[in-house]
Every structure is written in C-alpha cells, then in structure tokens.
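The values are calculated or read from the model by the stated rules, or taken from the named source; none is laboratory data. Remember, predicted model here, so these are calculated numbers, not experimental data. Every residue, glycine among them, receives a Cβ derived from its backbone with ideal geometry; neighbour counts consider all protein chains shown.
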Amino acid sequence: MFTFAVHNFMSIQMSFIETIKRTILSEMQLFEKTFVESLSTDNPLLLSVNDYVLQKSGKQLRPMLVILAAKMCGEVNQTTLDGALSLELLHTASLIHDDVVDDTLERRGKPSVNARWTNKIAILSGDYILSKSLGCAARTNNLPILKAMANIGMHLSDGELLQLVNAKFSETAEANYLTIIRKKTALLFATCTEVGGLSVDADEDALEHLRNFGEYLGICFQIKDDIFDYSENIQIGKPTGNDIRDGKVTLPLIYAVMNSTGTEKEQVLTWLATKDFTTENIHAITLFTHKNGGVSYALAQMEAFKNKAIEELNGFADSDVKKSLILCAEYAASRDY
C-alpha cells in the first residue's frame with residue numbers, strides 16, 4: 001500500500017516534468033545525447049565517476065529553461081544547445097563541490113560522489129566537469145554568453161561564502177538571506193533564460209524579462225528547497241535537518257526567531273550558537289520553526305516569487321512554449337522532492 005502510494009506520487013511529479021518537456025522533446029533528446037557524450041573520457045576512474053553522475057542526473061530543469069527561452073524568442077540552434085550544455089555541466093560540477101564543502105553524504109537518494117569515492121576525487125572530478133563547461137561556452141563564440149557564464153561562476157562561489165558567514169539574526173537577516181539565495185541559486189536560473197535568449201539574438205527588452213523570470217523562479221525554487229529541511233517527507237533526495245545541522249540560517253528559521261519571544265527562542269539561539277545539533281535538538285528546532293509560523297511565511301514568500309516570475313512572461317505571445325515556462329514556475333513551487 002505504502003509502496004504504491006510513493007510510486008504513484010513520484011509518477012505525478014515526473015508527469016509534470018514530461019508535460020514541460022513536451023514542446024521541446026526533440027531538442028531535449030539531442031541535448032541528453034550530447035550531455036552523455038560531453039562526459040566521455042579515456043580515464044577509467046573519471047569515467048566511473050562520470051557514469052555515476054549521469055545515473056544520478058536530475059530533472060534537467062536548467063537546460064530546459066535555456067531551450068524554452070530560446071524557442072519562445074526564435075529557433076533553437078547549436079549555440080542554444082552549447083549554452084544549455086555549459087550551464088548543466090556547471091551546475092553538475094557545483095553540486096559535486098558543494099557536497100564536499102557541506103560534508104553531504106547523500107544526493108538524490110544515493111551516496112554523493114565524495115561519499116562513494118573520496119573528497120579528493122570529488123573535487124578533481126568537479127574541476128574536470130567545470131572545464132568541460134567552459135569548453136562548451138567557448139564553442140558558442142558568443143561574447144555575451146561567455147560574459148554571462150563568467151558572471152554566474154563568480155556569483156555561485158560568492159553566495160556560498162556569504163552563507164558560511166551569515167548565521168546571525170538581525171533586522172537585516174531576511175534581506176541577507178535573499179541576497180545569498182539570489183547569488184547561489186537564482187542567478188543561475190536567470191543565466192539559463194538569458195543564455196537561451198542570447199542564443200537566438202533576442203532583443204534587450206525580451207532579455208530583461210527572461211532574466212527576471214529566471215531570477216524570480218530561482219528564488220522560488222530555493223525557498224522551496226529550504227522549506228524541505230523542515231519536512232518529514234522521505235521522498236526528498238537528501239536528509240532533512242541538514243541546513244540546521246550545518247548552521248545555515250534560512251527563511252523559515254529566520255522568520256520564526258525574529259517573530260517569537262521567550263525561553264524557547266533563547267534555547268534555540270543557544271543551540272545554534274554552540275552548534276549543539278543532536279537529533280533531539282534538531283527536531284525541537286523544527287517544531288519551533290513550524291509553531292512560530294516560519295514555514296507558513298516561507299511558503300507565502302515562495303508563492304509570491306512564483307507569481308512575480310509568471311508576470312514577467314506577460315509581454316510574450318501566448319504559445320505552448322510560454323505555457324511550459326509557466327509550468328516551470330508552477331513546478332518549482334509545487335514539487336515535493
């Protein structure tokens with residue numbers, strides 16, 4: 001009974017993605033074939049790692065955004081595909097590196113690369129994939145695309161570093177949080193939609209709306225990820241409570257702490273300051289966050305950014321591609337893993 005319910009739930013989630021893909025099916029098939037080819041190598045260790053990474057490949061939302069943005073503004077071409085490849089490879093490399101930085105042992109329900117091999121192998125493999133990303137970007141021979149790729153590489157690291165030092169609660173905590181997720185997540189989505197537009201020579205007005213759409217979508221996506229940390233849902237591809245355990249201050253906890261008083265709040269702040277993250281304490285922090293409205297507030301903010309993303313598409317002509325982009329925003333907010 002339970003197994004059937006889980007399988008049925010996951011099928012619903014995947015059908016959401018398949019619906020989005022429907023308008024770009026041939027382009028995504030070509031992308032997937034090229035993505036596999038881009039990770040081929042004659043180094044047996046690297047080939048083992050790359051094959052493992054391909055087995056754990058996610059829903060490929062980012063290349064879908066590149067291709068959808070391009071198709072909404074023109075005809076998908078080789079520059080579009082090279083841009084999509086570059087961004088997906090960059091994203092893949094960043095996940096491998098992030099798991100080392102965060103000591104994460106599980107990714108999408110399976111051991112992370114660093115857990116399956118070693119930190120050293122994970123870092124070097126991530127570097128190799130990053131180099132492949134740069135090669136794909138260079139193949140576009142498109143200076144604006146190269147500038148966009150250089151810019152996002154810088155912001156990803158900047159956002160992660162800011163998060164490491166931003167564990168304080170103050171009146172600026174929520175604004176700081178939004179700055180961090182904009183850099184470490186949202187600007188990658190914005191770059192995806194921008195690169196799609198650039199690949200078909202979209203005008204500046206269209207590019208601005210595409211960038212905004214991607215950024216708001218990315219903020220929505222990251223808030224949803226941060227809400228997962230306060231969930232008991234076993235379908236999430238990483239253990240819940242990780243953000244708390246790592247001392248990461250995200251929106252649900254920020255709101256709960258900034259809008260509560262009393263001994264329970266002081267106890268939570270003490271645990272956070274002393275990094276006393278026993279299983280029992282993490283459970284208590286999770287309950288505190290729910291009880292003081294943190295998750296409800298984060299859900300409302302997530303919904304607001306989803307709507308802002310969709311509004312950015314108002315100026316584009318109605319089409320199946322535009323509907324798929326709207327579905328991307330709906331998926332980011334409604335997904336459960």
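Things worth noting here:
- Residue within segment 43-59 that is closer than 28 Å to Ala206 by Cβ, within 23 Å of the chain's Cα centre (by Cα) and not aromatic (Phe, Trp, Tyr) present: yes
- Test for Ala273: is it of a type in the set (A, V, I, L, M, F, W, C), in contact (Cβ under 8 Å) with a residue 60 or more places away in the chain and outside any loop (DSSP other than H, G, I, E, B): no
- Within segment 76-105, the residues that satisfy the criterion of being modelled with pLDDT under 95 and more than 22 Å from Ile17 (Cα to Cα) are Ala93, Ser94, Ile96, His97, Asp98, Asp99, Val100, Val101, Asp102, Asp103, Thr104, Leu105.
- Contact map, segment 278-306: first residue under 30 Å from Phe189 (Cα atoms), second residue outside any helix (DSSP H, G or I), Cβ cut-off under 6 Å, separation 6 or more or different chains; pairs are Thr286/Tyr230; Thr289/Tyr230; Val295/Tyr230.
- Residue count for segment 46-99, restricted to those that are farther than 24 Å from Glu160 by Cβ, touching a Ser or Thr at 6+ places or on another chain (Cβ under 6 Å) and not β-branched (Val, Ile, Thr): 5
- From the list Glu330, Glu266, the lone residue that is modelled with pLDDT of 90 or more, charged (D, E, K, R), assigned to a helix (DSSP H, G or I) and surrounded by fewer than 13 Cβ atoms within 10 Å (Cβ to Cβ) is Glu266.
- Residue list for segment 172-214, filter: closer than 29 Å to Ser260 by Cα and without any contact (Cβ under 8 Å) to a residue 24 or more places away in the chain: Thr172, Ala175, Asn176, Thr179, Ile180
- Residue list for segment 78-117, filter: small (Gly, Ala, Ser) and within 14 Å of the chain's Cα centre (by Cα): Ala93, Ser94
- Test: residue in segment 94-113 that is under 30 Å from Ala206 (Cα atoms), assigned to a helix (DSSP H, G or I) and among the small types (Gly, Ala, Ser): yes
- Every residue from segment 60-77 that is assigned to a helix (DSSP H, G or I), more than 18 Å from the chain's Cα centre (by Cα) and either more than 22 Å from Leu217 (Cα to Cα) or basic (Lys, Arg) (or both): Lys71
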